[in-house]
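Asker: The structure is given below, and queries will be raised subsequently.
The values are calculated or read from the model by the stated rules, or taken from the named source; none is laboratory data. Since the model is a prediction, treat every value here as computed from it, not as a measurement. Cβ placement follows ideal geometry from the backbone for every residue including glycine, while neighbour counts extend to all protein chains displayed.
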Amino acid sequence: MELQAVIEGLAALKRPCAIDLYLDSEYVRQGLMTWMAGWKKNGWKRRDSKGKLSPVKNDDLWKKLDELVVPHEIEFHHVDGHSGHPENERCDELAVAAYQQYL
């Protein structure tokens, strides 16, 4: 869901923008800032703990993100989840309300 949230946010932009992207997901932040370059170089494969190349999980989402970040200048900011950051808390409230309708 964290990947999809960033995809939806970037897809909503109609022109290149300077973006401050706040994430509570180190997985997404590290993926975008660090790991994706290596994954692309290795044909969307990553090295496992034994050094063997294996497919990147959720590669369809990562490839979409790769397309969407290109036109923008993005500054990444990590925030701890449930730490009182107002926008992060609001996103959590919205996510919980959305999934509860399916319970």
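Asker: So L21 fits all but one of (1) under 10 Å from the mean Cα position of the chain (by Cα); (2) of a type outside the set (G, A, S); (3) more than 27 Å from H85 (Cβ to Cβ); what number is the exception?
Answerer: Looking at each condition in turn, L21 falls short on (3).
Asker: Tell me yes or no: at least one residue of segment 21-31 is more than 19 Å from A95 (Cβ to Cβ) and not basic (K, R).
Answerer: yes
Asker: Could you look through segment 1-27, keep only residues that are touching an Asp or Glu at 6+ places or on another chain (Cβ under 9 Å) and among the small types (G, A, S), and pick out the one that is surrounded by the most Cβ atoms within 10 Å (Cβ to Cβ)?
Answerer: In this case the residue turns out to be S25.
Asker: Now for a separate question. Could you say which residue among K45, K57 is among the basic types (K, R), closer than 29 Å to D92 by Cβ and touching a strand residue (DSSP E or B) at 6+ places or on another chain (Cβ under 9 Å)?
Answerer: When all the criteria are applied, what remains is K57.
Asker: Now for a different question. For segment 86-103, how many residues meet the condition of being closer than 16 Å to G9 by Cβ and assigned to a loop (DSSP other than H, G, I, E, B)?
Answerer: The number of residues fulfilling the criteria is 0.
Asker: Okay, moving on. Please go through segment 1-54 and pick out each residue that is closer than 16 Å to V79 by Cα, among the aromatic types (F, W, Y) and either assigned to a loop (DSSP other than H, G, I, E, B) or free of Cβ contacts under 8 Å to residues at least 60 places away in the same chain (or both).
Answerer: The one that is closer than 16 Å to V79 by Cα, among the aromatic types (F, W, Y) and either assigned to a loop (DSSP other than H, G, I, E, B) or free of Cβ contacts under 8 Å to residues at least 60 places away in the same chain (or both): Y27.
Asker: I'm told M1 meets every condition in (1) under 29 Å from Y99 (Cβ atoms); (2) at pLDDT 95 or above except one. Can you identify the failing condition by its number?
Answerer: The one condition M1 does not meet is (2).
Asker: What single numbered condition from (1) within 13 Å of the chain's Cα centre (by Cα); (2) at pLDDT below 90 fails to hold for W62?
Answerer: Every condition holds for W62 apart from (2).
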